[in-house]
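A short write-up of the structure that comes next.
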Amino acid sequence: MTLSTADQSRLERFWQHCVTNQYFNIGYPESADFDYSQLHRFLRFSINNCGDWNEYSNYLLNSFDFEKDVMTYFSELFNIALEDSWGYVTNGGTEGNMFGCYLGRELFPDGTLYYSKDTHYSVAKIVKLLRIKCRAVESLANGEIDYDDLMAKITADQERHPIIFANIGTTLRGAVDNIATIQQRLQQAGIARHDYYLHADAALSGMILPFVDHPQPFSFADGIDSICVSGHKMIGSPIPCGIVVAKRKNVARISVEVDYILAHDKTISGSRNGHTPLMMWAALRSHSFADWRQRIHHSLEKAQYAVDRFQAAGIDAWRNENSITVVFPCPSQWIAKKYCLAISGDTAHLITTPHHHDNLMIDALIDEVITELETDAWRFGGAHVKQEGHERRPSHSARETCPRFDVI
C-alpha cells in the first residue's frame with residue numbers, strides 16, 4: 001500500500017489526535033488501557049468467522065478455536081453449561097440485543113416485547129427490523145423498570161407470552177432491573193416460566209456483577225434466557241464487539257444450513273470479524289479472576305470518590321448499587337462538550353472505567369462544575385432562587401443549554 005505524502009500527513013495528524021485523546025472518555029463506557037500488540041501480525045490476514053464456531057468450515061482462515069474458548073469462558077461466567085448454551089462474538093451490543101429478541105420472537109411469534117423507557121436506544125431499531133409487537137414501560141427514579149407498570153401493561157394487553165427486555169445496567173443511570181422481582185410478579189399473575197422469554201442486556205455490567213461480592217441477579221441460574229455483553233466496554237478493544245449467550249435449545253430454531261461453507265449459521269451478521277474473537281481471547285487469557293475483581297473494585301472506588309466529591313460540594317450526585325456510572329445534574333453545554341459527557345434531558349453522567357488510574361480527570365471535571373455553580377450562585381445571589389413557589393435554576397440549566405446527544 002502506497003499513500004501520497006499528503007495522505008501520510010493526514011494519517012499522522014489523526015494518529016496524534018488519537019494519542020492525545022486516548023483517555024478522554026469519562027462520559028462513555030470504554031476501557032482504553034488495553035494492549036493487543038501481540039496480535040498486530042494477524043491484521044495481514046482476512047480472518048472470517050462465518051458460521052458456527054463449533055462446526056467445521058471449509059473457509060480455513062477463521063479463529064473458531066479461540067472463539068470457542070471465549071464462549072466457554074462466558075458460559076461459565078453466566079452459569080450455564082457449554083453444551084446447553086450457544087453464543088458468539090458479535091459486532092457489538094445492538095447485535096446481541098437483536099439476537100436475544102429474535103430468539104424470543106421465534107419462540108413466541110405473537111408475543112409482545114416489554115422494555116423500560118431507560119432501555120438502550122437500539123431496542124427501537126430492533127422492534128422495527130423484527131416487526132415485533134412492543135410496549136414501553138415506565139421507569140423508576142433510579143432507572144429500573146417500573147414493575148407495577150410492567151405488570152399493568154401485560155395484564156391490559158392480556159399477553160400470554162411476554163418477551164421481557166431486562167436491563168442489567170441501564171445506559172444513563174447504571175440501573176439493574178431486578179430479574180427475581182420480574183419473575184415473581186409474572187408468577188403471581190399466573191404466567192408460567194415456560195410461557196415467557198427473558199433477555200438481559202448487560203452491555204457494561206455483564207463484566208462487573210460476576211466480580212462483586214453481592215451482585216444483583218443476572219445469570220442463567222437466576223432465570224434468564226439470553227444475555228449480551230459489550231467487548232469494548234469493561235474489557236476494552238480497539239474494535240467495537242460483544243458477546244451473546246443463549247440457551248442452545250432456543251438457538252436451534254434459527255439455524256440455517258450454508259452448503260458452500262459446509263456449515264450452519266445461527267448468527268445475525270453471517271460473515272463475522274475473526275479478529276475480535278482473538279482480542280477477546282487474549283484479554284480473557286491475560287487477566288485472572290482476581291485481576292478482574294481488582295479492576296472492578298478500583299472502578300467502583302473511583303465512582304464512589306466522584307459521588308463523595310460532588311455531594312461534599314452540595315451537588316446531587318449518586319450511583320446505583322454495583323455501578324460505575326455516576327449521575328449528576330447537567331452542567332453547561334461548554335463543560336459537557338469539553339469532557340464529552342453523555343447527556344439526557346437535565347441529567348449527565350460520568351463513568352469510571354479501569355483506565356482512570358488516578359483522579360485527575362474526575363477532579364478536573366468536578367472542579368469546573370463546582371466553579372460554574374459558585375459563579376452562578378454569585379451572579380444570582382444563591383445557587384437556586386425560588387420564585388412563585390418554584391425553583392428557578394441558574395442560567396446553565398440543562399433545559400436551556402444541554403445538548404441532546406444519543407448515548408452508546
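The values are calculated or read from the model by the stated rules, or taken from the named source; none is laboratory data. Fair warning: this is a prediction, and the values are worked out from it, not measured in the lab. Cβ atoms come from the backbone with ideal geometry, glycine included; neighbour counts cover every protein chain shown.
Looking only at the range 102-146, filter to residues that are surrounded by 17 or more Cβ atoms within 10 Å (Cβ to Cβ) and of a type in the set (Phe, Trp, Tyr); which one of those is farthest from residue 162 (Cα to Cα)?
102
Got a sec? Which of 362, 343, 296 is in a helix (DSSP H, G or I), within 24 Å of residue 167 (Cβ to Cβ) and not assigned by TED's automatic domain parsing to the domain that holds residue 69? Walk me through it before giving the result.
Values: 362 fails: within 24 Å of residue 167 (Cβ to Cβ); 343 fails: in a helix (DSSP H, G or I).
Going through 362, 343, 296 in turn, the sole match is 296.
Considering only residues that are outside any loop (DSSP other than H, G, I, E, B) and among the basic types (Lys, Arg), look in the range 269-293 and name the one that is farthest from residue 68 (Cα to Cα). Even if it seems obvious, please write down each step before you answer.
Within the range 269-293, the first condition is being outside any loop (DSSP other than H, G, I, E, B), and the residues that meet it are 273, 275-285, 289-293.
Among the residues that remain, those that are also among the basic types (Lys, Arg) are: 285, 293.
Working: 285: 13, 293: 23 Å.
The extreme case among them is 293.
Take the residues of the range 181-199 that are surrounded by 12 or more Cβ atoms within 10 Å (Cβ to Cβ) and of a type in the set (D, E, K, R): which is nearest to residue 101 (Cα to Cα)?
Here the residue is 195.
Quick check on the range 84-127: of everything there that is aliphatic (A, V, I, L, M) and either in contact (Cβ under 8 Å) with a residue 60 or more places away in the chain or not assigned by TED's automatic domain parsing to the domain that holds residue 207 (or both), which residue is nearest to residue 345 (Cα to Cα)?
98
Considering each residue of the range 186-238, count those that are in a loop (DSSP other than H, G, I, E, B) and closer than 14 Å to residue 170 by Cβ, and give that number.
Residues meeting the conditions: 7.
Pairs only if they're at least six apart or on different chains, beta carbon under 6 angstrom, first in the range 240-264 and within 12 Å of residue 99 (Cβ to Cβ), second at pLDDT below 90 and in a helix (DSSP H, G or I); list them, first residue then second.
none
Which of (1) hydrophobic (A, V, I, L, M, F, W, C); (2) surrounded by fewer than 21 Cβ atoms within 10 Å (Cβ to Cβ); (3) out of contact with any Asp or Glu (no Cβ under 7 Å at 6 or more places or on another chain); (4) farther than 30 Å from residue 22 by Cβ is the odd one out, the single condition residue 218 does not satisfy?
Only one criterion in (1) hydrophobic (A, V, I, L, M, F, W, C); (2) surrounded by fewer than 21 Cβ atoms within 10 Å (Cβ to Cβ); (3) out of contact with any Asp or Glu (no Cβ under 7 Å at 6 or more places or on another chain); (4) farther than 30 Å from residue 22 by Cβ is unmet by residue 218, namely (2).
Go through the range 355-369 and give me each residue that's crowded, with 17+ Cβ neighbours inside 10 Å and either out of contact with any Ser or Thr (no Cβ under 8 Å at 6 or more places or on another chain) or not hydrophobic (A, V, I, L, M, F, W, C) (or both). Give the steps one after another, and end with the answer.
Our first condition is that a residue be crowded, with 17+ Cβ neighbours inside 10 Å; within the range 355-369, this holds for 355-356, 361-362, 365-366, 369.
The answer is 355, 356, 361, 365, 366, 369.
Could you give every pair whose Cβ atoms fall below 6 Å, whose first residue belongs to the range 45-58 and is touching a residue at least 12 places away in the same chain (Cβ under 8 Å) and aromatic (Phe, Trp, Tyr), and whose second residue is buried (at least 18 other Cβ atoms within 10 Å of the Cβ) and assigned to a loop (DSSP other than H, G, I, E, B), counting only separations of at least 6 or pairs across chains?
none
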